[in-house]
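Remarks on the structure that follows.
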Amino acid sequence: IFGKYMAQGILIVALGWSGCTQYPNEYNIYEKRARESYLRQQKCSRPELGDIIVNLNKAIELAPHRVSTESYYIRSICWYSIGEYDRANQDRMVIFKREPNNPERVPVYVAIAGELAVKGKYQEAMKYIERSIKLAPNYAPARATRALLYINMGMYDKWEEEIRNAIELDANITNTIDVKLIRHVAERKMGENEKGHKGARAIVREGNEK
């Protein structure tokens with residue numbers, strides 16, 4: 001009798017162990033589907049991203065710490081493509097936390113900085129840009145982004161040199177970044193700054209005359 005119950009117990013334990021090991025690995029199925037779909041969609045002029053997002057959501061729901069960093073990267077691209085910018089940035093932050101010193105992930109760090117800059121968090125954005133340039137000094141978009149941050153932070157003596165650096169590193173960057181627009185923004189900001197200084201000086205003079 002003891003042997004019978006013992007055998008049944010071993011069988012139950014074995015079945016339970018099998019379930020425990022198989023369930024976490026189920027995320028692989030969804031992750032694989034998403035990657036295959038992503039590769040197919042890259043060949044399409046108008047990709048359908050819903051299927052990729054659904055499968056990656058399921059994979060990450062099942063095993064958020066075991067899903068590959070590349071899958072988070074793919075999902076961030078999908079989120080961004082459909083206008084879910086905050087969700088895209090959340091996935092980028094996961095990538096950054098996992099690989100804070102990986103030169104190959106510098107485009108992700110620059111994207112984080114860009115999103116922070118849009119929200120007016122220039123100091124925080126600059127931290128990501130500085131890290132990006134330290135890891136990949138020849139990555140032109142990081143230089144261009146730093147130029148924009150310099151402008152928005154009022155560091156007008158630095159932005160032009162940084163734009164020149166970006167163009168020297170990659171002449172084709174002008175196809176993706178509007179240098180004329182950056183110059184226009186800089187001139188406008190400097191004009192506003194000068195106007196503010198003139199106003200302040202006028203107030204001071206008026207106060208002194210009184």
TODO: Scan region 140-172 for residues that are more than 15 Å from Ile112 (Cα to Cα) and hydroxyl-bearing (Ser, Thr, Tyr) and jot them down.
DONE: Tyr150, Tyr156
TODO: Count, please, the residues in region 133-147 that happen to be buried (at least 23 other Cβ atoms within 10 Å of the Cβ) and either more than 17 Å from Asp170 (Cα to Cα) or polar (S, T, N, Q) (or both).
DONE: 1
Open item on the list: Please go through region 163-178 and give me each residue that is free of Cβ contacts under 8 Å to residues at least 12 places away in the same chain, not in a loop (DSSP other than H, G, I, E, B) and not hydrophobic (A, V, I, L, M, F, W, C), ordered by number.
Closed with: Arg164, Glu168, Asn172, Thr174, Asn175
Task: Among the residues listed as Lys119, Lys97, Lys58, Lys134, the single one being within 30 Å of Gly191 (Cα to Cα) and of a type in the set (Lys, Arg) - done: Lys119
Open item on the list: Checking Trp79 against (1) open to solvent by 60 Å² or more (accessible area, probe 1.4 Å); (2) more than 24 Å from Asn165 (Cβ to Cβ); (3) of a type in the set (Phe, Trp, Tyr), only one condition comes out false. Which one?
Closed with: (1)
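Let me confirm something: among Glu104, Glu130, Glu124, Glu160, which residue is in a helix (DSSP H, G or I), open to solvent by 20 Å² or more (accessible area, probe 1.4 Å), modelled with pLDDT under 95 and charged (D, E, K, R)?
Glu160
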TODO: Pick out the one residue from Ala88, Ala113 that is within 26 Å of Asn28 (Cβ to Cβ) and part of a helix (DSSP H, G or I).
DONE: Ala88
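The values are calculated or read from the model by the stated rules, or taken from the named source; none is laboratory data. Computed from a prediction, not measured in an experiment: that's the story for all the values here. Note: ideal-geometry Cβ built from the backbone for every residue, glycine included; neighbour counts use all protein chains shown. For accessibility, only protein heavy atoms count, side chains too; no ligands or nucleic acids. Shrake-Rupley method; radii C 1.70, N 1.55, O 1.52, S 1.80 Å.
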